[in-house]
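The values are calculated or read from the model by the stated rules, or taken from the named source; none is laboratory data. Values in this document were obtained by computation on a predicted structure and should not be read as measured data. In this analysis, Cβ positions are derived from the backbone assuming ideal geometry, glycine residues included, and neighbour counts consider all displayed protein chains. We work out accessible area using only protein heavy atoms, side chains counted, and drop any ligands, DNA or RNA first. Shrake-Rupley method; radii C 1.70, N 1.55, O 1.52, S 1.80 Å.
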Amino acid sequence: MKNISYLFLAILTYSSVSFAQLKPVQYKDGSQILNGFAIQPSKKSTQKPGILILPAWMGIDKLSKDTAENLSKLGYYAFVADIYGEGNYPKDYKDAGKNAGFYKTNYKEYHKRISLALEQLILSGANPDNIVVIGYCFGGTGALEAARAHLNVKGVVSFHGGLGKDSTRAVELISAKVLVCHGADDPYESKEEIAAFQQEMRDTKADWQMIYYANAVHSFTNPEAGNDNSKGAAYNEKAAQRSWEHLKIFLNEVFKK
């Protein structure tokens, strides 16, 4: 009987550790309702590292939720941010472009929505001084904005994100480590914009790195983007796998004691 009790306890423990699930979280920006997702790490540590995930321009999608689940398995608290809010979710690419464009132009509003999501990540259990922000496409822009806004994060990672910044904005030192994972054939980032971003990193004395992936265009991490590079956005399995490994290396470095 004692052995059976121990076995039952072991099964319960294994289940609680191995099957962390995404949980919907409702929060607000004033009267605007926001709907994010939180997940606990499968195996917790005393460091309680947390990762905020900023989705692409269509809002919370399968990629952002899958990423949260995968990060949970690696031992991280994760939260998927809702930038647009209830009633503002895009129905198509035209809507998405309009919504994303608003936050790129009104970047302080973007900073606010990112900050509110960071609060939710912390409320879920993450250490407020041990956080990284990652993002995809429009969310990649947001990750860079988190660094530019001097939010309390140790690092930021942009996957095929927009790199541009209004040249009239002040140049301020960036303390967060920066990783940019970029498709070598991404048609949405001009050589001029890439050069300006790299100069910004130098001017802000940032600890930064930018990795290019061959034969990869925009959205190379997203399996739902199709595989036709001629459309400008397409999935590239090899680039997706390589950028995931680069993310893990970056996180190990940033969260190192």
query: Given the alpha-carbon gyration tensor of segment 194-257, what are the semi-axes of its equivalent ellipsoid in whole angstrom, ordered largest first, with each equal to the square root of 5 times an eigenvalue?
result: 26, 18, 7
task: Apply the Debye scattering formula to segment 13-164, with a single equal point scatterer on each alpha-carbon and no solvent, then give log10 I(q)/I(0) at q = 0.10 Å⁻¹.
output: -0.31
task: For segment 145-196 and segment 58-75, compute the distance between their C-alpha centroids and round to whole Å.
output: 22
- prompt: Roughly what % antiparallel, to the nearest 5, for the DSSP beta bridges in the chain?
  reply: 30
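Return the loop-located trypsin sites (Lys or Arg not before Pro) in segment 152-227 (DSSP other than H, G, I, E, B) with at most 13 other Cβ atoms within 10 Å of their own Cβ; answer none if there are none.
Listed in order of number, the matching sites are 169, 205.
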- prompt: For the chain, what is the accessible area per residue in Å² when the probe is 1.4 Å?
  reply: 52
- prompt: Lys/Arg Cβ at +1, Asp/Glu Cβ at -1, dipole of segment 110-226 taken about the Cα centre: which of 162, 132, 199 is farthest positive-ward?
  reply: 132
Portion, in percent, of the accessible area of the chain that falls on carbon or sulfur, probe 1.4 Å: 53
task: Starting from the Cα of residue 65, draw a straight line to each of the aspartates and glutamates and keep only those under 14 Å, dropping any in the same chain fewer than 8 residues away.
output: 82, 224
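Please list the equivalent ellipsoid semi-axes of segment 75-155, computed as the square roots of five times the alpha-carbon gyration tensor eigenvalues, in descending order and whole angstrom.
Whole-Å semi-axes of the equivalent ellipsoid: 23, 14, 11.
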